[in-house]
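Participant: This is the structure I have questions about; it appears just below.
No value in this document is a laboratory result; all are computed from the given coordinates. Here the structure is a predicted model, which means the values were calculated and not measured. Every residue, glycine among them, receives a Cβ derived from its backbone with ideal geometry; neighbour counts consider all protein chains shown.
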Amino acid sequence: MRVALYPGTFDPITLGHADIIRRACLMVDRLVIGVAINRDKGPLFSLEERVTMIKTDCAKLTEQLDTEIVVHPFENLLIDCAQDVGAQTIVRGLRAVADFEYEYQMVGMNRMLNEDVETVFLMADAKYQPIASKLVKEIARLGGDVSKFVTPEVRRALLERLQHPS
Ligand code: ADP
């Protein structure tokens, strides 16, 4: 059984994330989406809200593909989380050179912690590559249209949260 872990904050899930999820699903039997709790980062959406949005997004994918998708919140070391969920592989998305430097270091250190877990990098379709959750939130906050970056459900959730901050 090929199991991969795709970790992130997903605050909120974007079309870029969804494209990486779809591509990763084509390579494994089970994809575990690891949702980092990340209290320090001060996420806009609670863990429960982020998990629900991911599940809603992935429901359509699960209908189309054979891969099992599991959403798994985690707060421990990524490499330990991979072991907990039985993943042999960690999937990361690569956008621009800026992502590379951080990822390069992460792979190196994670390999020193556990060399049985391999990290693979996927690139989203060109039209989704520039998308980052952080910028989506900023655009929404300033009244911009985010419909090219997230699903209609996530867009609604963003508008609602920005109108009624919790
Ligand atoms: P962000 O960096 O947008 O806040 P996350 O921390 O949730 O998102 O990212 C989780 C993973 O998804 C990371 O490996 C990140 O590089 C990848 N990712 C996010 N957006 C994209 C995108 N548009 N294209 C490719 N990979 C992406």
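Participant: Given H placed on each backbone N at 1.01 Å, which residues far from Val32 in sequence or on other chains put an amide H within less than 5 Å of it?
Facilitator: Long-range HN contacts for Val32: Ala4, Leu5, Tyr6, Val70.
Participant: If contacts are Cα pairs under 8 angstrom and at least 6 residues apart, what is the relative contact order of the chain in percent?
Facilitator: 30 percent
Participant: Could you tell me how far the Cα centroid of the range 65-109 sits from the Cα centroid of the range 123-166, in Å?
Facilitator: The distance from the Cα centre of the range 123-166 to that of the range 65-109 comes to 23 Å.
Participant: Something else about it: Can you compute 3J(HN,Hα) from phi for each residue in the range 22-31, using the Karplus curve 6.51 cos²θ - 1.76 cosθ + 1.60 with θ = phi - 60°, rounded to whole Hz and x for Gly and Pro?
Facilitator: 4, 5, 5, 4, 6, 10, 9, 8, 9, 10
Participant: Residue by residue, what Karplus-based ³J(HN,Hα) values in Hz, rounded to whole numbers, does the range 114-123 have, using 6.51, -1.76 and 1.60 with θ = phi - 60° and x for Gly and Pro?
Facilitator: My calculation for the range 114-123 gives 7, 7, 7, 9, 9, 9, 10, 10, 10, 10 Hz in order.
Participant: Something else now. Per-residue counts of other Cβ atoms within 10 Å, averaged by peptide: what ranking do you get for 148-156, 17-25, highest first?
Facilitator: 17-25, 148-156
Participant: Now for a different question. Going by amide H atoms built from the backbone, whose H comes under 5 Å of the H on Thr9, apart from near neighbours?
Facilitator: Ala36
Participant: Taking each pair of distinct Cα atoms in the chain once, what is the resulting Kirkwood hydrodynamic radius in Å?
Facilitator: Hydrodynamic radius (Kirkwood, Cα pairs) of the chain is 16.3 Å.
Participant: Show that you can apply the helix-only estimate: for the chain, add -39,500 (n - 2.57) for every DSSP H stretch of four or more residues, divide by all residues, and state [θ] at 222 nm to the nearest 500.
Facilitator: Rounded to the nearest 500, it is -14000 deg cm²/dmol.
Participant: What angle do you read, to the nearest 10 degrees and between 0 and 90, between the alpha-carbon axis of helix 152-163 and the longest principal axis of the chain?
Facilitator: 60 degrees
Participant: At q = 0.18, 0.19, 0.25 Å⁻¹, what log₁₀ I(q)/I(0) does the range 84-159 have when each alpha carbon counts as one equal point scatterer in the Debye sum?
Facilitator: Each listed q corresponds, in turn, to -0.84, -0.88, -1.09.
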